[in-house]
Amino acid sequence: MIRNQLLICAGGACITSGEKSVKDVLVEELAKNGIQDEVQIIETGCMGACDLGPIVVVYPEGTFYQKVTPQNAGPIVSEHLVKGRVVSGLLYRQPTSETRAQTREEISFYTLQVKRVLRNCGVIDPLSIEEYIARDGYFGLGKALEIGPDAIIQTIQESGLRGRGGAGFPTGIKWKAARDASGSPKYVVCNGDEGDPGAFMDRSVLEGDPHSVIEAMVIAGFAIGAATGYVYVRAEYPLAIERLEVALTRAREYGFLGRNILGSGFDFDIEIRIGAGAFVCGEETALLRSIEGKRGMPSAKPPFPAQAGLWGKPTLINNVETYANVPPILINGAEWFRSVGTAKSPGTKVFALAGKVQNTGLVEVPMGTTLRELVFDIGGGIPGGKAFKGAQTGGPSGGIITADYLDMPIDFDSVKELGTIMGSGGLIILDEDNCMVDVAKFYLAFTVDESCGKCTPCREGTKQMYQIMERITDGKGTPNDIGKLKTLGRVIQQTSLCGLGQSAPNPVLSTIRFFPDEYRAHIEDRKCPAHACLHLLTYSVVSEKCVGCTACARQCPVQAITGQVKKAHVIDQATCIKCGSCYEVCRFDAILKE
Amino acid sequence: MQINLEERLKENPVLRKQFDELDAYIDEKAGQQGSLINVMHRAQEIFGYLPDEVLAYVSTRLQVPRSTVYGVVTFYHFFSRTPKGRHTISVCLGTACYVRGSNSVYDKVTKSLGIKAGETSPDGRYTLDLVRCVGACGLAPVVVIDKDTYGRMTPDKVVTLLNKYV
């Protein structure tokens, strides 16, 4: 007889934080106390609060234990489960008071979220199809088979669901186009090539709730008349691939995949295709080439994949998060879906909060939530009392939302007006220590690296822009560099073949628009206000503070520091390579970095 | 090339076993459209890298021109044409890691191992790679060694960590 369940978060971040050894200790402790038959351990998908991991939740109470280690995990069994005493030391401490939260319902990180896409992540065992079914899993498929293809597509269209991969194209229109297209066979593809650095929502859905994607793909196959589906997952996500494989096998065993699904006479099966590390493969036409086993190079649209996709046949392609939205829409209806979010962007969006924010992790909020709510109410603000400078959305294809727009509701259209894109939902928070010129250069380096080389504006143009950015951060910029960057950026945006090139200049153009002073400081004053650009830094000794301990002189790799013992030292600027060792080693704050 | 390989297979049972393993996988995927990338993944798992003779072999077995095989292998970052060290260290330079200082972690690794990204140490112990986001952004900066992921890295911590991988 099971009296308690221990949910252990087995999301990517918690595994990294030592989830496996915590689990081993818990198993051992259960056996030691002789209650291994009364307590069930379930490893779930990502619970979202990556910063608090590893996380253990005790049910039925829902007690939320955070930052559990193999050393402190024992009392969860010996105290909580055996003696019924909550282990208060492992509870979450509220940031504004001395009290501790007992359950997720008392933590603002969770209470402000609306979990639809992540409905099962962190709640069920992703390897168990029974648990998925118990949470209304595959009911959407049942409904779909009952109402037929036209009604399915009509429901999706009425819901107003827009593609969560970045561009926000209406999903229903895509489905209709694929259904109406002539040609056979047709294919259903899931884009799980989450390449934007700083985005991990698709990974969490695939790892934490793989059946939701499988169910949606079967529905899509039935709606457009396809018999084969492909899930394209990037090779960097081995755990997602592993769990997806298990889920596919289970789904076949239960008759949700394969021949004559649920007795409807409809056949459908899904294959996994693994990426091989090319960012451009997130672009749909490039991804289709990669599934065909070729170099992942994009092609001009039209023809759109719905007309001529995989092997030239009509193909429906959506991303992971878009698919995860589909089953609940079929169960609850279009109206339900539109009940949260904005009029033009209904539903929720999953964001990956990362960078300089207190609570990093995965959050799902209604469209139209403000950046302030995301960063400060849910994210807990900026660590170390630093000032918020901006949030980068859309990865290398996006731009910055600055502090002035903290109260603007975020949806597909509002972010576009600011010159950025929603992207897949990566939200990198930047603080006063981040140099905007340096961050923009970083993204450009990424696109230069990842440009497939097929079209000239992207291949050559991004490289030229990068060289100008490098000049600026090296302190060799000239006043007309900004004009050149803007012109080049516009040309690349307008003439590149695919989304990668068309959006590659965004980070630079966006930072020029919102942080012109920082560019000017680099070019005219040869200074980096955030002290991030190495070549624009100088290190010097504040002679009043220097006690002559010689620590810096001994540490300096190029012997640029001289001075006598117990006397103030001096750094020779011509020799200094700006490695910062002296700054790190000085215990008297006597090294000035400016 | 083919004849050469046949002879070498006779003399080298280890190589024979590796090619048998690859053969079994190709047979399993027979008839699957566009299986080249999956086959190359498996080949790299078996051989550790993708030398010319493996490319030639796959080309013949899958009836795909060698130029196509070569084109695919060189297009994707994941495929390596040179042997890897016993341990592969991947320092993440994705955005979340970058803004939290992963470049200083990377610099420390290059300094202490004396190799740059894409290189293997002379003793064959380490290969250093740069990756763009492994999706563990919540724990940035992140370093992946072989199949283990380590979060909240610092230049000091990474050196201690490296020493554990002999």
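Just so it is clear, none of the values below were taken in a lab; they were calculated from the coordinates. Keep in mind that what you see is a predicted model, and the values were worked out from it rather than measured. For neighbour counting, all protein chains shown are included, and Cβ atoms are generated from backbone atoms with ideal geometry for every residue, glycine included.
The table below lists the values:
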item	result
FRET efficiency, B:K17 to A:R259 (Cβ-Cβ, R0 30 Å, nearest 0.05)	0.20
Ranked packing of B:30-36, A:521-527, most packed first, by mean Cβ within 10 Å	A:521-527, B:30-36
0 to 90° range, to nearest 10: angle between helix A:238-253 axis and chain A longest Cα axis	0
Rounded Å value of the spacing that divides the Cα centres of region A:101-116 and region A:435-458	38
Spin-label model distance (nm) - A:A151 vs A:Q559, 7 Å beyond Cα toward Cβ	8.6
Under 20 Å from the A:E594 label point (7 Å along Cα→beta-carbon), backbone N, region A:552-574	A:561-562, A:568-574
Gain upon complete extension [A:H535, A:I331; 0.36 nm per residue less C-alpha separation]	67.6 nm
Shielding score for A:269-277, defined as the mean number of other chain Cβ atoms within 10 Å	4
Modelled FRET efficiency - R0 45 Å, A:K566 with B:L161, Cβ distances, 0.05 increments	0.75
Within region B:129-166: backbone nitrogen closer than 18 Å to the A:E28 label point (7 Å, Cα to C-beta)	none
Averaged over A:388-399, number of beta-carbon atoms from partner chains that fall within 10 Å	1
Label-to-label distance, nm, for residues given as B:S112 and A:K20 (7 Å Cα→Cβ offset)	2.2
Cα gyration tensor shape of chain A, rounded if a/c is under 1.5, else prolate or oblate by comparing a/b with b/c	oblate
Only Lys, Arg (+1) and Asp, Glu (-1) charged, at Cβ; region A:348-431 dipole about Cα centre in debye	280
Residue (of A:H522, A:I512, A:N359) at the positive-pole extreme of chain A, dipole from beta-carbon charges	A:H522
Label point 7 Å beyond Cα of A:E79 along Cβ direction - residues of region A:17-38 with amide nitrogen under 18 Å	A:22-23, A:25-27, A:29-30, A:33
12 Å beta-carbon shell around A:D180, net charge (K/R +1, D/E -1)	+3
Pair A:F376, B:R86: separation of 7 Å Cα→Cβ label points (nm)	5.4
Dimensionless Rg ratio for region B:87-163, taking C-alpha atoms and the 2.2 N^0.38 Å reference	0.97
Span from the region A:523-594 Cα centroid across to the region A:388-417 one, whole angstrom	37
Kirkwood Rh (inverse of mean 1/r, distinct Cα pairs), region A:517-592, angstrom	13.0
Shielding by other protein chains, B:96-105, mean Cβ within 10 Å	6
Helix-only mean residue ellipticity at 222 nm for chain A, each DSSP H run of n ≥ 4 adding -39500 (n - 2.57), per residue, nearest 500	-10000 deg cm²/dmol
Cβ-defined net charge surrounding A:M465, 13 Å radius [Lys, Arg +1; Asp, Glu -1]	+4
Between region A:253-270 and region B:100-120, the Cα center-to-center distance that results, in Å	50
Given charges at Cβ of Lys, Arg, Asp, Glu: region A:538-593 dipole, positive-most of A:Q555, A:T538, A:I577	A:Q555
